[in-house]
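Got a structure here, written out as structure tokens. Questions coming.
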Amino acid sequence: MIQLKAVSLRRGTQLLLDRADLTLQPGYRLGLVGRNGTGKSSLLALLEGTLAPDAGDVARAGGQRLSTVAQEIEALDVSAVESVLAGDAEYQRLSAAIAAAELAEDGMALAELYPEFDTIDGFTARARAAKLLDGLGFAPNTIDRPVRSFSGGWRMRINLARALLAPSDILLLDEPTNHLDLDAVFWLEHWLTSYPGMLVVVSHDRDFLDAVCTHIAHLAQQSLTVYTGNYSDFERMRAERQLQDAALAAKIERERAHLTAFIDRFRAQATKARQAQSRIKALARLPVLAATHADSQFNFSFRPAPNAPDPLVTLEKLAIGYNDTPLLTGITASIRSGDRIGLLGANGAGKTTLMRVLGKAAEPQAGNLHIAAGVRIGYYAQHQLEQLDPRDTPMSALERLAGKTASTQELRNFLGSFGFIGDRAFDGIEPFSGGEKARLALALLVWQQPNLLLLDEPTNHLDLEVREALAAALQTFEGALLVVSHDRSLLEMVCDTFWRVHQGQVGVFDGDLDDYRRTLDEERRAAASKAKSGAAPAPQPSAAAPKTPAPTPKPTAPATPRDKKTAQRIQKVEHRLAEIVAELARLDAALADPSLYQTSPNPALDQLSAQRQHANEEHEALEMEWLELHG
């Protein structure tokens, strides 16, 4: 048990908690929610014991083992699986003792150590570590690859697996889904719901909180309020409380009427039954959101976009990738006016590469890409925040876009809808948080009035309140939309159709996200069965099977790397990976030069940022190819 008694906590001069009470019992799976800056991560540090309260007491039951995810990403020479095993201190101690006893041929010591090792399941530790890495997206034959060869996002997955493997009674997780694709998020949910200890998690993913949590703690106005149930239960209970506030009632009813009208309009236009039912179910909770977010400072909408041609974009036998390495081939599809498409697929499968080609940030390797005249693309990239000039203010960045087309008051009102209120619109953005920079990047995108939106993980760095505001704004966006996100709530709220990027191809996925989860489960079971039996399992029919629009099949890799052609390709990939790692280190060193940021705009800074983004994406693509070649 953990108990907070009248705890007050400050960060600098800011009071985060004022005489807060909290009691955590064994078996609780508590989600910490609240706006960015309310103190969620500080409360985790308080529970971990790395931060002391300014007042009050934190009481913990004795002998409790605590596990948390290390935030540093070390470039280690040890293998991924050994790094995970290093998280279990008792396993490491006994392994070292057994190795020493075996070297000394000390039979008496071994007779004592082996039963102790068996008690902690030491003989299965490596298999358990490998299973965790598999669930988080690592292919079985890649777990002996050194940690230093993985990109930052994959290293964070290793750190997460390390925290999950370590024996613990209390597990503290801060935004564990940030570096995961949707496939791995589904797996993590299943693992955490089976965790027998006490879990405390900070997350801005409402579906993740719904699936995992038994309690929700809401941080607001220096207070901590605990609700029983998952995030949806919390929303309903909070809505009931807010409806009792007469000052909010009228605003809530106006918003409820607006959202209900939107639901009715969608229901009348929906054509695909499976997606329509999923979408209507997601939209049905919007009236509750009208209450829970009625007091939000974020209330933006997309400005009217120019009329768009139909189709907007046509892809004919498109091939994309890096250098001589094709990542996706045979893409034949079109994006039509009003399309709202979600891209599904594992990290490294090619989703971001496809978005870069559509956003004209990269060129296709083969085939035809036709973007019709009159298409105005708004592209929000994963590394969009790096394109902001740190010497800008929100107002100066927007003034540069708007020119003389808008008054200062109009620009201030627009920035205010994104939370840049009053003098905040004139503050330099260099010290802004990731969430504030993400909001500014979105504001600049919205101002440009696109009729085709390409959004690659737009909710990274955004708290739940801003995510809900973005989803509400996208509801009324009249253009076409293509979105990559691990936020299921956003996908369900704004997408009518899904494409799956998988095994070098892009195809229509005829199903909703529940179907996608079932498809992943079936594929995982089939892969496990194949690995166990050594024979390919019979294909399982599925209503949600992807329908590929006439792709060019990707050549199947030989079964083992001992094949000469495959071995040669592995050698080339490993050589290029080493070059890319060195290139990323060089670019990071160059981008650390303060002189780059002394003039604005600076073409050299833009060029370096673009080179680093391209190198990072090539690194991820090569990693995925390396995994497939060893599969």
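Just want to confirm a number: the relative contact order over segment 398-495, from Cα pairs under 8 angstrom separated by 6+ residues, in percent. Mind showing how you got there, number by number?
Working: 70 pairs, mean separation 23.9, N = 98.
Computed value for segment 398-495: 24 percent relative contact order.
Right, another one. Taking only protein heavy atoms and a 1.4 Å probe, what accessible area per residue, in Å², does segment 399-538 have with all protein chains in place?
On the way: 5380 Å² over 140 residues.
Using a 1.4 Å probe on heavy atoms only, each residue of segment 399-538 averages 38 Å².
Could I ask something else about it? So who's got an amide H within less than 5 Å of the one on L224, skipping anything under 5 residues away but keeping other chains? H placed 1.01 Å off N, in plane.
When sequence neighbours closer than 5 places are left aside, the close amide H contacts are D21.
Still on this structure: Project the alpha carbons of segment 316-371 onto their principal axes and report the range along each, largest first, in whole Å.
Projected onto its principal axes, the Cα set of segment 316-371 covers 35, 25, 20 Å.
Using a 1.4 Å probe, what is the accessible area per residue for segment 1-71, in Å²? Walk me through the intermediate numbers first.
Numbers: 3530 Å² over 71 residues.
Accessible surface, normalised per residue, equals 50 Å².
Show the residues, 5+ positions off or on another chain, whose built amide H is closer than 5 Å to the amide H of L32.
Correct list: V201, V202, S203, A217.
May I ask you to give the average projected area over all directions of the convex hull of the Cα atoms of segment 103-178, in nm² rounded to one decimal?
On the way: hull surface 28.6 nm².
Dividing the Cα hull surface by four gives the mean projection, 7.1 nm².
Per residue of segment 173-187, in order, report the coupling 6.51 cos²θ - 1.76 cosθ + 1.60 (Karplus, θ = phi - 60°) as ³J(HN,Hα) in whole Hz, putting x for Gly and Pro.
Result, rounded to whole Hz: 10, 10, 6, x, 8, 4, 9, 10, 8, 4, 4, 6, 4, 4, 5.
Taking all pairs of different Cα atoms in segment 453-519, averaging 1/r and flipping that mean, what Kirkwood radius in angstroms comes out?
On the way: mean 1/r = 0.0772 Å⁻¹.
After inverting the mean inverse Cα-Cα distance, the result is 12.9 Å.
Report E583's accessible area, 1.4 Å probe, all protein chains in place, as a number in Å² to the nearest 10.
Taking all protein chains as shown, E583 has close to 60 Å².
Then there is this: With every protein chain left in place and a probe of 1.4 Å, what is the accessible surface of K131, to the nearest 10 Å²?
Accessible area, nearest 10 Å²: 150 Å².
Here's something else I'd like to know. With the radius of gyration and the Kirkwood radius both derived from the Cα set of segment 360-507, what is their ratio Rg to Rh? It would help to have the intermediate numbers written out before the result.
Working: Rg = 16.5 Å, Rh = 16.8 Å.
Radius of gyration relative to Kirkwood radius: 0.98.
Tally up the carbon and sulfur contribution to the accessible surface of segment 401-452 as a whole percent, 1.4 Å probe, everything protein left in place.
Numbers: 1080 of 2280 Å².
Its accessible area is 48 percent carbon and sulfur atoms.
I've got another one for you. In the P(r) worked out for segment 86-230, what percent of Cα pairs fall beyond 25 Å? Write down the numbers at each step before the final one.
Details: 4375 of 10440 pairs.
Of all Cα-Cα pairs in segment 86-230, 42 percent lie more than 25 Å apart.
How large, in Å, is segment 14-98 by the Kirkwood hydrodynamic radius built from its alpha-carbon pairs?
Values: mean 1/r = 0.0613 Å⁻¹.
So the Kirkwood estimate lands at 16.3 Å.
In addition: Any idea what the relative contact order of segment 126-218 is, in percent, if you count C-alpha pairs under 8 Å spaced at least 6 apart?
On the way: 73 pairs, mean separation 26.9, N = 93.
This gives 29 percent for segment 126-218.
The values are calculated or read from the model by the stated rules, or taken from the named source; none is laboratory data. Keep in mind it's a predicted model, so treat the numbers as computed, not measured. Just so you know, the surface numbers come from the protein's heavy atoms only, side chains and all, with ligands and any DNA or RNA stripped out. Shrake-Rupley method; radii C 1.70, N 1.55, O 1.52, S 1.80 Å.
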